[in-house]
């Protein structure tokens, strides 16, 4: 499914990722935990194709295809979805229009037929209901005037509609209260299955109580220093990153 | 003035000399305008108010007077939108009664039938105003009686290309709302081919009257549109102008508003969208001549290719015009490294208890917004189009008439669709 080999990347000449090896098999959910500045967000942006990052070595393959050779929209059409840590506001772009444009662009890229407004609204209303989101969220401009929790829920709504094969959740738990956290976790869990994989990037173990990962990887200084089962997240919570980092060094 | 500008000015003067005895109205006013135009010529690069809008391109074209008979016979009805409202239609600057549908409750006449020149600020010595006064043959005159709500009325200017050579026309419009009257105007200019449309509009908004105008400039991409609007707003009256520059090779809309009585208000919401080597200029002068008046101006400009945009906004607050409230904002989006925006705000304040401010931004498309859209699967070109559309959407959404919104939407969509990705 996702195969990352020796991935190194820098920004403005500064090395951030220093050789990441990671295999995410189909149908599994892995967590990446790490302290601030360890490269968690850089990893998610490099995989999604944001400008400004230089990949200096290594590769990332999605279902065998070279992810790094694709434009961001091609990666999305190939099944990659990044839930942003800081979702971007789009004044003047209605949420429903945004979602439908995105969905139809992906369907077009995959050679599928586009959805008309009626078909789309039916899907979207069902998805908002499932995420306990008010219908007017579809009418508002994308993320404009949304609270932190609403923005994160809107990310999960997009994920629910776009149905990616691989989701990367970049600190989706940050700034969420416990109720919002549960809704977000339910949104992710609802997608779990043999055709869905996820990388859940988080600073805290809390989210992993609700989205229980198959594997946990610890990212420190741009490298994965340790991998283990879900119990590793609890060890981190108890002992802190410093102990793990020292042990790994 | 350059030799080329002088030559073009001379050809307009020669036209006037040939026509003067046949032109309607006050010969003395025309003669004074001709003398002023002979002295000033066409505005050139040394004219401060025209520094950012050179008229060189105008001098490359040999303009002729439109032929009335041809225009009547070959009205470009394909350009005439079906709006389902009363309308006054002009072809090549002449009112076409056959194409017009007159409204009720409003006094309508043509300038040719009732020629009158109003008193313009500065004696009408501005070069383009003088050119209009010198050559005006027709135009619309609209008067809304006291207290009457006249609803919506379209004034549509079409250029016919009937004569198969470039034409110039200088319609003279006068619109008067008496006290407490209301009117929504939909002003539309369209055409084919090469021409110069130089309309001058005199507006009188009476006490407590309200004029809302939606002006859609969709001229041919080979045309020149140089318009002057001179408005005087009495106490408690308001003039709300929505101005969209979507066409023309070169356009300048000069808006001169005098807030003459206490509590008068002016609001401008404008958008310009252009590419290639086209040019669009909005120049405003708002005179706060009485206390407790308010003006609001917001201009959004999108430039692609080698296009050039201009917004010059001057706010003058007279001595004694206390509690004046003036605000202007210019926002420009540059889609190409070769595009250029010139913004020039000017505040001239002679009263001490006023609130006046201005702001300007010029930027590119936001990289984070582009990445966000692309990360959702929207290809880059489509994402850029969505963000440009979003930048203009607020102005279009504010248009107070559904028909006008539809026309603006399709003009913007056509422009976005025609843009190279």
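For the segment A:94-106, counting C-beta atoms of other chains within 10 Å of every residue's C-beta and taking the mean gives 3. Compared with the alpha-carbon gap, the fully stretched path from residue A:139 to residue A:203 is longer by 19.8 nm at 0.36 nm per residue. Per residue of peptide A:196-208, the mean number of Cβ atoms on other chains within 10 Å of the residue Cβ is 0. Bridge orientation summary for the protein assembly as shown: considering DSSP beta bridges with both residues in this region, about 20 percent are antiparallel. To test your reading of the geometry: what angle, between 0 and 90 degrees and rounded to tens, separates the Cα axis of helix A:148-162 from the longest principal axis of chain A? That helix lies at roughly 80 degrees to the long axis.
Put a dot 7 Å past the Cα of residue A:112, heading toward its Cβ, do the same for residue B:61, and the two dots end up 5.1 nm apart. Eigen-decomposition of the gyration tensor built on the alpha-carbon atoms of segment A:62-214 gives equivalent ellipsoid semi-axes of 22, 21, 14 angstrom, largest listed first.
Taking one quarter of the surface of the C-alpha convex hull of the protein assembly as shown gives a mean projected area of 34.4 nm².
Listed highest first by mean packing, meaning other Cβ atoms within 10 Å per residue, what order do B:327-338, A:55-66, B:297-308, B:222-233 come in? Walk me through the intermediate numbers first.
Working: B:327-338: 18.6, A:55-66: 14.3, B:297-308: 22.6, B:222-233: 24.3.
In descending order of packing, they fall as B:222-233, B:297-308, B:327-338, A:55-66.
Between segment A:20-87 and segment A:112-182, how far is it from one alpha carbon centroid to the other, in angstrom? For segment A:20-87 versus segment A:112-182, the Cα centre distance is 21 Å.
Any chance you could run the full-extension gain for residue B:366 through residue B:39? It's 0.36 nm times the residue separation minus the Cα-Cα distance, nm to one decimal.
Value of the extension gain: 112.9 nm.
With N as its number of residues, segment B:366-421 has a Cα radius of gyration that, divided by 2.2 N^0.38 Å, comes to 1.25. From the alpha carbon centroid of segment B:121-168 to that of segment B:233-293 is 16 Å. Across segment B:30-138, counting alpha-carbon atoms alone, Rg and Dmax equal 17.3, 48 Å. Rg and Dmax of segment A:139-249, based on Cα coordinates, read 15.3, 51 Å.
Peptide A:86-92 shows a mean partner chain C-beta count of 6 within 10 Å per residue C-beta.
Each peptide in B:190-197, A:230-237 gets a packing score, the mean of other Cβ atoms within 10 Å over its residues, and the list from highest to lowest is B:190-197, A:230-237. Note on segment A:1-83: semi-axes of the ellipsoid equivalent to its C-alpha gyration tensor, largest first and rounded to whole Å, are 19, 15, 12. If a/c stays under 1.5 just call it rounded; otherwise compare a/b with b/c (prolate if a/b is bigger, oblate if not). Do that for chain B, with a ≥ b ≥ c from the square roots of the Cα gyration tensor eigenvalues. Cα axes put chain B in the rounded bin.
Every number here is computed from the coordinates shown, using simple stated rules; none is lab data. Source: prediction; values computed, not measured. So basically every Cβ, Gly included, is an ideal-geometry build from the backbone, and we count neighbours across all protein chains shown.
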